[in-house]
1. For the chain, set up a Gaussian network in which alpha carbons nearer than 10 Å are linked by springs, and say which option among Arg141, Arg249, Arg93 fluctuates the most.
2. If you roll a 1.4 Å probe over the heavy atoms of the protein chains, what accessible area per residue do you get for the chain, in Å²?
3. Each residue of the stretch 58-64 in order: what ³J(HN,Hα) in whole Hz does its phi give by Karplus 6.51 cos²θ - 1.76 cosθ + 1.60, θ = phi - 60°, with x for Gly and Pro?
4. Could you tell me whether the chain comes out rounded, prolate or oblate from its Cα gyration tensor? Rule is a ≥ b ≥ c as square roots of the eigenvalues, rounded for a/c under 1.5, then prolate if a/b exceeds b/c, otherwise oblate.
5. Along the positive direction of the dipole of the chain (beta-carbon charges: Lys, Arg +1; Asp, Glu -1; about the Cα centre), which of Val188, Thr137, Gly85 reaches farthest?
6. Just going by the charge dipole of the chain, with Lys and Arg at +1 and Asp and Glu at -1 on Cβ, which of Ile328, Cys198, Met245 is farthest out on the positive end?
7. Taking the Cβ-Cβ separation of Trp139 and Leu332 as r and a Förster radius of 22 Å, what is the calculated FRET efficiency to the nearest 0.05?
8. Can you give the charge dipole size of the chain about its Cα centre, rounded to the nearest 20 debye, using +1 on the beta carbon of Lys and Arg and -1 on the beta carbon of Asp and Glu?
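The values are calculated or read from the model by the stated rules, or taken from the named source; none is laboratory data. If you're wondering where the values come from, they're calculated on a predicted model, not measured in any experiment. Neighbour counts are summed over all protein chains in view; Cβ atoms, including those assigned to glycine, are modelled from backbone coordinates with ideal geometry. For accessibility, only protein heavy atoms count, side chains too; no ligands or nucleic acids. Shrake-Rupley method; radii C 1.70, N 1.55, O 1.52, S 1.80 Å.
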Amino acid sequence: MQVLLGIFFHFIGGAASGSFYMPYKRVRGWHWESYWIIGGLFSWLIVPPLAAWLTIPGFADIIRSTPSSTIGYTMLFGVLWGVGGLTYGLGVRYLGMSLGNSVVLGFCSAFGALLPAVYYNFVPQDGKTTFSELLGTTWGRVVLVGVLVCLLGIYICGRAGMLKEKELPEEEKKKSVSEFNLTKGLVVAIISGILSACFNFGIEAGKPMAEAAVRAGCNPLYQNNVIYITLLWGGLATNAIWCLMLNFRNRSFSDYGNKQTPLLKNYLLSALAGTTWFLQFFFYGMGESKLGNGASSWILHMAFIILIANAWGLVLKEWKGVSAKTRITITLGIAAILISVLLVGYGNSLK
């Protein structure tokens, strides 16, 4: 029952993450950096403390009593993740919901699942899986095979993107993804996938705060909500600096008060996107409380995002007009990523 609840919570979180960009697509007359930072204020500054206030009594006291080193490491990983989150938005902007999410989250899945084990190989801790343990056990080798299959799926998805680039004339590509750019999109997607995995490390770094919340009587389902506050401060700093720089460069500060655009609607859509984005981690924390913050939780979460994002890609007709070969290629890539999830889950069940 615990495992099923964990999977269910991860599905809800994945659905939120796979869908959050949709409201941004309905924003009209604003530059990308303008709606991204408005949504980010809800994602990283407004909603996280509200969620903590609703679920963790005395969360502010827990943060104040946490050692500064723990806060510092949690925020550092938040800053690194913030770069990943920023380039995630750019990856979807240039590649579309389907291909962008598949490449970004495939890399994020692999690195998020493996790097903590590598870290614990050099800094051992009780109850934490090391890379040596993955190599030396049957269940660990199954998990590693799953990660390799995931990377194969990423390659196949990238191949599908190249086929799409060759087959469709420029105007057709722009119909579904207005700023489609395969080279630029793949570069930022790879950077995003690697750095986005730092969110998983930030949760590990902030675990003392979650444990303190549980000791104080908090429902373990919501323990991670206190971590998110400090972790997301780092993400806010990174994204705010970059978006303000773009506002200066593109002279887009006028977006925020431009009455020639549907101002209220743009603000509401951006707020909806930001809030939906945060919900992915609200439910990730609930799933993680049932399954643990290991490879299983991270890979499950990523897989559900990929699944939902590709469903949106079909709705938006991002692969309309391509050949049967290209459609089969993207389908095989997505299937490989989902199979990798099953392998990782099976490996962890053997443990």
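1. Arg249
2. 43
3. Running phi through 6.51 cos²θ - 1.76 cosθ + 1.60 with θ = phi - 60° gives x, 4, 5, 5, 4, 5, 5 Hz.
4. The shape class here is oblate.
5. Val188
6. Ile328
7. It comes out at approximately 0.25.
8. 800
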